[in-house]
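Working notes, structure below.
The values are calculated or read from the model by the stated rules, or taken from the named source; none is laboratory data. Remember, it's a predicted structure, so these values are computed and weren't measured experimentally. Neighbour counts run over all protein chains shown; Cβ positions are idealised from the backbone, glycine included. Accessible surface is based on the protein model in full, side chains and every heavy atom, while ligands, DNA and RNA are left aside. Shrake-Rupley method; radii C 1.70, N 1.55, O 1.52, S 1.80 Å.
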Amino acid sequence: MAMWVFGYGSLIWKAGFNYDDRLVGFIKDYRRVFYQGSTDHRGTPEYPGRTVTLEPADGEVCWGAAYKISKKEDKENAIMHLEVREKQYDKKAYLDFFTDPTATTPAISGVMVYIASPDKKLNKNYLGPASLEEIAKQIIHAEGPSGPNRDYLFQLEKALLQLGCKDKHVIGLANEVRRILSEGQLIAS
């Protein structure tokens, strides 16, 4: 039986494991938010970056990519890879995945999704909501072993646009980061 994994952040552009098929689509009643702290990839324990997680949101959809993994060895390798990569995400959910906005039945049921919950007892790196400007400033200054936090944001924006998805939260945040950076360059020169 095939295993399906849904990516809504960096998994969209960099899976890091072998897969048989990749479908563009969405999950329902969730929205993507930059509320998860990253102390291992896009930030440090001293200065966490921000990455995306999902929060329940009735009537909303979150676009991304679902990966089908069929071979036993590929499944084992994917799980090992994801358990390390997504270790700061404390929850796994198995959700319905849709490819057609008009469909009433899912294209795939039981797609595995990693979620960073807002429960501070289970997820010590949850940062939660903040103003667009505060989140942007944190992203501008954060950098970790996987690179600058702003690269994550800009790559996510580009990957979503390539899927045909205009995520208002991601675009607004990317534009705010660009605005602050351009003002900083004007002041510096």
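Quick notes on this one:
- Under 5 Å, built H, 5+ apart or other chain: amide partners of Ala57: Tyr30, Arg31
- When the listed pairs Lys14/Lys166; Lys68/Lys120; Lys71/Lys166 are checked against a 30 Å cut-off, the alpha-carbon distance exceeds it for Lys68/Lys120; Lys71/Lys166.
- Computed on the Cα atoms alone, the convex hull of the chain gives a volume of 121 cubic angstrom per residue.
- Calculated mean residue ellipticity at 222 nm for the chain: -10500 deg cm²/dmol, from DSSP H runs with n ≥ 4 weighted as -39500 (n - 2.57), summed, divided by the residue count and rounded to 500.
- Loop-located trypsin sites (Lys or Arg not before Pro) in the stretch 117-165 (DSSP state not H, G, I, E or B) with no more than 14 neighbouring Cβ atoms inside 10 Å: Lys120, Lys121, Lys124.
- Per-residue HN-Hα couplings for the stretch 5-22 [Karplus 6.51, -1.76, 1.60; θ = phi - 60°; Hz; x = Gly/Pro]: 10, 9, x, 10, x, 5, 4, 4, 9, 8, 5, x, 8, 6, 8, 8, 8, 9
- Cα-based helix-to-principal-axis angle, 168-188 vs the chain, degrees rounded to 10: 30 degrees
- Cα gyration tensor shape for the stretch 44-108, rounded if a/c is under 1.5, else prolate or oblate: oblate
- Percentage of interatomic Cα-Cα distances in the stretch 85-189 larger than 19 Å: 62 percent
- Around the amide H of Ala142, modelled in the peptide plane, lie the amide H atoms of Asn149, all under 5 Å away and 5 or more residues distant in sequence or on another chain.
- Across the stretch 96-102, coupling constants 3J(HN,Hα) worked out from phi with the 6.51/-1.76/1.60 Karplus curve, θ = phi - 60°, read 7, 10, 10, 10, 10, x, 9 Hz, and Gly and Pro carry x.
- Contour excess over end-to-end distance, with Cα ends at Glu60 and Lys91 and 0.36 nm allotted per residue: 9.1 nm
- Karplus 3J(HN,Hα) series, Hz, for the stretch 140-157 with 6.51 cos²θ - 1.76 cosθ + 1.60 (x for Gly, Pro): 4, 8, 8, 8, x, x, 8, x, x, 4, 5, 4, 4, 4, 5, 5, 5, 4
- Sulfur and carbon atoms: percent of accessible area, the stretch 19-126 [1.4 Å]: 52 percent
- On a per residue basis, the chain carries 52 Å² of accessible surface, using protein heavy atoms and a 1.4 Å probe.
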